[in-house]
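This report refers to the structure that appears directly beneath it.
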Amino acid sequence: MDIVYLAGGCLWGTEAFFKTIPGVINTEAGRVNGTTNNLDGPYDGYAECVKVEFNSNQVTIKELMSYLFEMIDPYSLNKQGQDVGEKYRTGIYSDDSNHLNEARDFIDSRSDAQRIMVEVKPLLNYVKSAEEHQDHLDRHPEDQYLCHVPESLLNKYKK
């Protein structure tokens, strides 16, 4: 099993989407690459993200990147849908350099690579979000309207 951390704007929709992807074993809402471990305070440089545990024999990093790009606006800096701010930036983070190289190759292979605002960075730290954020859209489907990920996409790959 491999682990990668994907930031796609609002973590509720990002988690709900990635848990439907074939080859994804588990997801967990959290924060990545910030400067403190204080969950009750400001985000302090963190990006909302989803810890994605996956079977690399079933889904590759390039495929995960393709799914991420299907869900986000890759040209937008610090904004997805109605969510604006540094904590809504997009990216892929890992402590495995092969993951990062594959993600960079995915971006570099695109004709629009120069316009893409998706971070590809080593994992510095990760903090799990509070329980109220775990599987939020499963428990509170009425909150879907708050999320930039359309419901049709959340159901597209349902297992």
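Some notes on this structure:
- Mean Cα-pair separation over length for the range 1-151, i.e. relative contact order, pairs under 8 Å, 6 or more apart, %: 33 percent
- Taking 7 Å steps out from each Cα toward its Cβ at ASN55 and ILE116 produces label points 2.7 nm apart.
- Amide H contacts under 5 Å for TYR46, placed H, 5+ residues apart: THR35
- Given the chain, longest segment not containing exposed loop chymotrypsin sites (Phe, Trp or Tyr not before Pro) (DSSP; at most 15 other Cβ within 10 Å): 76-156
- Rg/Rg_globular for the chain, with Rg_globular taken as 2.2 N^0.38 Å and Rg from C-alpha atoms: 0.95
- Carbon and sulfur %, accessible surface of the range 58-153 computed with the full protein complex present, 1.4 Å: 47 percent
- SER66-GLU131 FRET efficiency (beta carbon distance; Förster radius 30 Å; 0.05 resolution): 0.45
- Helix-only mean residue ellipticity at 222 nm for the chain, each DSSP H run of n ≥ 4 adding -39500 (n - 2.57), per residue, nearest 500: -7000 deg cm²/dmol
- Applying Stokes-Einstein at 20 °C and 1.002 mPa s to the Kirkwood radius of the range 110-159, computed over alpha-carbon pairs, gives a translational diffusion coefficient of 149 µm² s⁻¹.
- Summed over the residues of the chain and divided among them, the accessible surface reaches 49 Å² per residue at a probe radius of 1.4 Å.
- Taking only the alpha carbons of the range 76-159, we obtain Rg and Dmax values of 15.3, 40 Å in that order.
- Note on the range 1-90: with charges restricted to the Cβ of Lys and Arg (+1) and Asp and Glu (-1), its dipole about the Cα centre is near 100 debye.
The values are calculated or read from the model by the stated rules, or taken from the named source; none is laboratory data. These numbers come from a predicted model, not from an experiment. Cβ: placed from backbone, ideal geometry, glycine included. Neighbour counts: every protein chain shown. The protein model used for the area step is the full one, side chains on, heavy atoms only, and it has no ligands, DNA or RNA in it. Shrake-Rupley method; radii C 1.70, N 1.55, O 1.52, S 1.80 Å.
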